[in-house]
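Novice: This structure is in structure tokens; I'll ask about it shortly.
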Amino acid sequence: MEKREQLSKGPQKLIVAWAFQIDDDGELQPAFDPREMRSEEQAITAAAGYFGSYDGAIAWVRDAQPDIGEYGEARVIFQAGLVPDLE
């Protein structure tokens, strides 16, 4: 029954904030691994704070069904400074 309940949940939201910095060779690199957030508001606040310390920051949301490995397209909810293309 637990398995059936998990399958019936449907898509969930994956909400992420991430920061980037320029390395010594002038290349844009992640400052750390992407950080999952509980809400869009938390992700925006976190990314805005990261931008104060790093060269760029982004927050995005996507529908996700991690149990079956399906992820929708990312929708950027905050972006500042230098960030790579999400594609």
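Novice: Taking every pair of alpha-carbon atoms in the stretch 7-81, what share in percent sits in each 10 Å bin, from 0 to the bin with the longest distance?
Specialist: 21, 43, 25, 9, 1
Novice: Please give the FRET efficiency for ILE68 paired with ALA31, using the beta carbon to beta carbon distance and R0 = 30 Å, rounded to the nearest 0.05.
Specialist: Values: r = 31 Å, r/R0 = 1.02.
The value I calculate is 0.45.
Novice: Could you give the angle, 0 to 90 degrees to the nearest 10, between helix 40-51's Cα long axis and the longest principal axis of the Cα atoms of the chain?
Specialist: Rounded to the nearest ten degrees, it is 20.
Taken together, the values in this text are just the output of simple stated rules run on the coordinates, not laboratory data. No experiment lies behind these values; they were computed from the predicted model shown. No Cβ is skipped: glycine too gets one built from the backbone with ideal geometry, and neighbour counts run over all protein chains shown.
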